[in-house]
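Have a look at the structure below before the remarks.
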Amino acid sequence: MSSSMSRRSVLTAGLAATSTVFAAGTAVAREEEAALNGRRTDEGIEFHAWSGRGDWQRGERAGVEVVSRPRSGIRIDEPVETIDYTDPHTGTTQSWEIATWTSPEHRGRVAAGELIPSWNAATPAGTFVQIDLRARYQDDTHSPWFVMGRWASGDGDMIRTSVNRQGDPRSTIYTDTFSVDDPATTRVVGYRLRVVLHRLAGTDVTPTVWRVGAMASHVPDRFEVPATVPGVATGVELEVPRYSQSVHSGQYPEYGGGGQAWCSPTSSQMVLEFFGRTVAPEDLAWVNPDYDDPQICHAARYTFDAAYDGCGNWPFNAAYAATFHDMDAVITRMGSLADVEALIAAGFPVITSQSFLEEELPGAGYGTAGHLMVVIGFTEDGDVIANDPASPSNEAVRRVYDRRAFENIFLRTRRKAADGSIAGGSGGVCYLFKPRDREWPRHLRIGC
């Protein structure tokens, strides 16, 4: 089994662990509003997106119009086709009008073993979007078009889902990740993304997409990563709300098994509320009034991926965050803990993915095949301050973890499992969210 396959398989297995696996995030240099696009970060990691009016106009448009307000995006103008879509999770067949936008090919500066797309969109009732990806291999052949997600912010018209059992002789789709089976012999040197906008036939409503992009990466296999010394965020702690997933154990098991598996939406909600984005009371009316912190149940429901049977689809969490007013969300990898420090110093919490044995992270009190938490700061000694949702109560969520231990479990790609076998690590995958009017550090680098 290839290292890429091992990493994603182990993360998937984490759904049954103390805390579910999910992670994603991103960090990209940004100059002006058109930023986030085409900025090299490191030889092993690159994020590229299309979001400005010029970007949309350079793509191939079929039935799509480019809009500028309230922000630049694409939406349905005149549908080019009507299709029947049978929802695999309900069996319901409905007719949908579609229009498409296809990006120019991005010839990446990374010969990549993995690609992870992300998007920011609005999908009113009666609409959804499908994001497709096609890769160019080093020998100038192409993969087929793969479906990387069928997504809507709601769940009334179709069920949000990834698509299983996709691949070609050289690559496989693992939920939200395009993974080359053997990066030692094959890499991806370019890719295109296609947005398929859907609306119920006979209506005039439309989804709007204002960002679509992908992280391309090749992180070498490693059990140990270089240590960093405390830097710009020493002594900085952000006041991020604290929520425990454990408070919700057994609640709404239809969403990935219940609250004990909700590390991803719990972490996402903490960061959204840090930026002042809250769920409207009327949107929480469906939650049992006896449950504390109903917004965590809401986040779980609206990040749930029916095919994955969990709430940890990385782009689905980013897309959920971007449904809140003027929020941006992207997915990438961190290259070192210094990158995380740069973000913390600039006022941005970082949602990180890690897997570890209990003894590898002193103070955690558990081991996991994959888990999300929110890095909120660093102590005066440079140790990591995290809001860890795998805590027994909201009050217990704030933890301090040894810097070296945390850095290694977060950034490594290989580890030993409890049974002595070799398992995977996330290699620094994380989520980043931010308000539209704020900028991530311009000098930020992501890489090996």
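The values are calculated or read from the model by the stated rules, or taken from the named source; none is laboratory data. Quick caveat, the model's predicted, so the values are computed rather than measured. Every residue, glycine among them, receives a Cβ derived from its backbone with ideal geometry; neighbour counts consider all protein chains shown.
Mind checking whether some residue in region 408-429 is within 26 Å of F324 (Cα to Cα) and out of contact with any helix residue (DSSP H, G or I) (no Cβ under 6 Å at 6 or more places or on another chain)?
Looking through region 408-429, at least one residue is within 26 Å of F324 (Cα to Cα) and out of contact with any helix residue (DSSP H, G or I) (no Cβ under 6 Å at 6 or more places or on another chain).
Check whether at least one residue in region 286-302 is in contact with a Lys or Arg (Cβ under 7 Å, 6 or more places away or on another chain) and either of a type outside the set (S, T, N, Q) or not assigned by TED's automatic domain parsing to the domain that holds S353 (or both), and report yes or no.
no
Among the numbered criteria (1) within 23 Å of the chain's Cα centre (by Cα); (2) surrounded by fewer than 23 Cβ atoms within 10 Å (Cβ to Cβ); (3) charged (D, E, K, R), which one does E114 miss?
With (1) within 23 Å of the chain's Cα centre (by Cα); (2) surrounded by fewer than 23 Cβ atoms within 10 Å (Cβ to Cβ); (3) charged (D, E, K, R) applied to E114, the lone miss is (2).
Looking at V212, V279, which is the one that is without any contact (Cβ under 8 Å) to a residue 24 or more places away in the chain and either β-branched (V, I, T) or in a helix (DSSP H, G or I) (or both)?
Sole residue among the options that is without any contact (Cβ under 8 Å) to a residue 24 or more places away in the chain and either β-branched (V, I, T) or in a helix (DSSP H, G or I) (or both): V279.
For residues in region 63-85 being in a loop (DSSP other than H, G, I, E, B) and either under 30 Å from E254 (Cβ atoms) or not charged (D, E, K, R) (or both), which is nearest to the chain's Cα centre (by Cα)?
The residue in question is S72.
Among the candidates A338, A318, A300, which residue alone is part of a helix (DSSP H, G or I), among the aliphatic types (A, V, I, L, M) and in contact with a strand residue (DSSP E or B) (Cβ under 9 Å, 6 or more places away or on another chain)?
Of the residues listed, the single one that is part of a helix (DSSP H, G or I), among the aliphatic types (A, V, I, L, M) and in contact with a strand residue (DSSP E or B) (Cβ under 9 Å, 6 or more places away or on another chain) is A318.
Could you list, in sequence order, all residues of region 239-258 that are among the hydrophobic types (A, V, I, L, M, F, W, C) and more than 29 Å from G377 (Cα to Cα)?
The answer is none; no residue qualifies.
Out of all the residues in region 403-424, which are part of a loop (DSSP other than H, G, I, E, B) and touching an Asp or Glu at 6+ places or on another chain (Cβ under 6 Å)?
Passing the criteria: only T413.
Kindly provide the set of residues from region 86-144 that are in contact (Cβ under 8 Å) with a residue 24 or more places away in the chain, small (G, A, S) and either assigned to a loop (DSSP other than H, G, I, E, B) or more than 25 Å from N317 (Cβ to Cβ) (or both), ordered by number.
Passing the criteria: S95, A99, S103, G108, A111, G113, A125, G126, S143.
So which of V375, V397 is at pLDDT 95 or above, under 24 Å from the mean Cα position of the chain (by Cα) and under 16 Å from D339 (Cα atoms)?
Being at pLDDT 95 or above, under 24 Å from the mean Cα position of the chain (by Cα) and under 16 Å from D339 (Cα atoms) holds for just one of V375, V397, which is V375.
Conditions tested, residue by residue: (1) out of contact with any Asp or Glu (no Cβ under 7 Å at 6 or more places or on another chain); (2) in the same structural domain as S268 (by TED's automatic domain parsing); (3) of a type in the set (G, A, S); (4) surrounded by 24 or more Cβ atoms within 10 Å (Cβ to Cβ).
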position: Y320; (1), (2), (3), (4): yes, yes, no, yes
position: D339; (1), (2), (3), (4): yes, yes, no, yes
position: A342; (1), (2), (3), (4): yes, yes, yes, no
position: T352; (1), (2), (3), (4): yes, yes, no, yes
position: E359; (1), (2), (3), (4): yes, yes, no, no
position: P362; (1), (2), (3), (4): no, yes, no, no
position: A369; (1), (2), (3), (4): yes, yes, yes, yes
position: F378; (1), (2), (3), (4): no, yes, no, yes
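It is to be established whether one or more residues within region 222-243 are surrounded by 15 or more Cβ atoms within 10 Å (Cβ to Cβ), aromatic (F, W, Y) and not in a loop (DSSP other than H, G, I, E, B).
no
Touching a helix residue (DSSP H, G or I) at 6+ places or on another chain (Cβ under 7 Å) and not assigned by TED's automatic domain parsing to the domain that holds M373: does that describe Y174?
Against the criterion (touching a helix residue (DSSP H, G or I) at 6+ places or on another chain (Cβ under 7 Å) and not assigned by TED's automatic domain parsing to the domain that holds M373), Y174 qualifies.
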